[in-house]
Amino acid sequence: MGELFTFFGLISHDKTFIYMTHMLLAAGLAILLARVAMSNLQLVPKGTQNLMEAYISGVLQMGKDVMGAENARRYVPLIATIGLFVLIANLIGIVPGFEAPTAFLELPLTLAIVVFVYYNYEGIRRQGVIKYFKHFMGPVWWLYWLMFPIEIVSHFSRLISLSFRLFGNVKGDDMFLMVILMLAPWLLPMIPFALLTFMAFLQAFIFMMLTTVYIGSAIAVEEH
């Protein structure tokens with residue numbers, strides 16, 4: 001099976017070049033969308049402003065359910081930015097001639113590392129080093145020796161959970177679309193586009209939801 005055709009591939013077939021150009025394109029579109037939404041703020045939102053306010057409200061509500069209103073407002077900029085970027089990066093792959101940067105393992109893994117480092121940093125900053133790592137040991141003192149390594153492995157497995165889930169699903173969608181384009185390049189691809197669009201939204205939501213849960217669990221250690 002040949003390589004997926006991309007417009008940037010006409011310039012260079014180098015994998016790093018194609019990945020970087022599509023990643024920068026996704027980032028540029030996310031910034032452009034945010035700038036358009038904020039360019040003419042109105043009391044009664046319309047158009048892009050209305051869309052973005054609905055999105056932020058949804059992210060904020062999800063955060064409130066996980067970590068409370070105050071913490072949700074604190075972390076909504078990060079979570080909403082990640083969700084928007086991942087969504088646009090996923091949707092790019094549906095457009096013929098472009099490839100989703102999330103279909104390259106480098107991007108999902110980088111985002112997963114950022115989330116992993118950040119929520120552990122926030123947990124340590126909010127709870128202190130001793131109190132934060134103490135919850136890794138569990139509630140039963142004589143099982144500390146067993147629970148601590150299990151919790152450490154569990155936390156590092158979140159890197160795989162975040163990165164490979166996103167990468168595998170988006171890469172699979174790209175391969176599926178490529179097969180459809182090879183079999184029936186004119187009519188048949190219109191059928192799975194709705195499904196691929198839904199999957200792009202779903203994977204972005206899952207990544208954003210897991211980020212929210214991980215941050216929420218890190219900063220709420222003292223309550224347990």
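The values are calculated or read from the model by the stated rules, or taken from the named source; none is laboratory data. Predicted model, so just to flag it, every value in this text is computed and none were measured. Virtual Cβ from ideal backbone geometry, glycine too; neighbours counted across all protein chains shown. Accessible surface is based on the protein model in full, side chains and every heavy atom, while ligands, DNA and RNA are left aside. Shrake-Rupley method; radii C 1.70, N 1.55, O 1.52, S 1.80 Å.
For region 135-142, 3J(HN,Hα) computed residue by residue from phi via the Karplus equation (6.51, -1.76, 1.60; θ = phi - 60°) reads 6, 5, 8, x, x, 9, 4, 7 Hz, glycine and proline entered as x. Full extension of the chain between ARG165 and VAL44 gives 39.7 nm of extra length, using 0.36 nm per residue less the Cα-Cα distance.
Qualifying trypsin sites (Lys or Arg not before Pro) in region 31-100, where qualification requires a DSSP coil assignment and no more than 16 other C-beta atoms within 10 Å, comprise LYS46. Report, to the nearest 10°, how far helix 106-127 tilts away from the longest principal axis of the Cα atoms in the chain, using its own Cα long axis and a range of 0 to 90°. With both axes taken from Cα atoms, the answer is about 20 degrees.
Segment GLU106..ALA194, full-extension length gain: 29.0 nm, with 0.36 nm per residue of separation and the alpha-carbon distance subtracted. For ILE113, neighbours were defined as the other residues whose beta-carbon sits under 12 Å from its Cβ, and their charges (Lys and Arg +1, Asp and Glu -1) total 0. Here the chain is treated as a sphere whose radius is the Kirkwood value from Cα pairs; by Stokes-Einstein at 20 °C and 1.002 mPa s it diffuses with a coefficient of 110 µm²/s.
Based on protein heavy atoms only, the chain ends up with 57 Å² per residue of surface accessible to a 1.4 Å probe.
Only lysines eight or more places from LYS15 in sequence, or on another chain, were considered; those with a Cα closer than 22 Å are LYS171.
Add +1 for every Lys or Arg and -1 for every Asp or Glu among the other residues with Cβ under 15 Å from the Cβ of VAL140, and state the total.
Details: positive: LYS134; negative: GLU151.
Taking every Cβ under 15 Å from that of VAL140, the sum is 0.
By accessible area, using a 1.4 Å probe on protein heavy atoms only, region 91-224 has 78% of its surface on carbon and sulfur.
Local charge sum around GLU151 (other residues, Cβ-Cβ under 15 Å, Lys/Arg +1, Asp/Glu -1)?
Values: positive: LYS131, LYS134, ARG158; negative: none.
Neighbourhood net charge equals +3.
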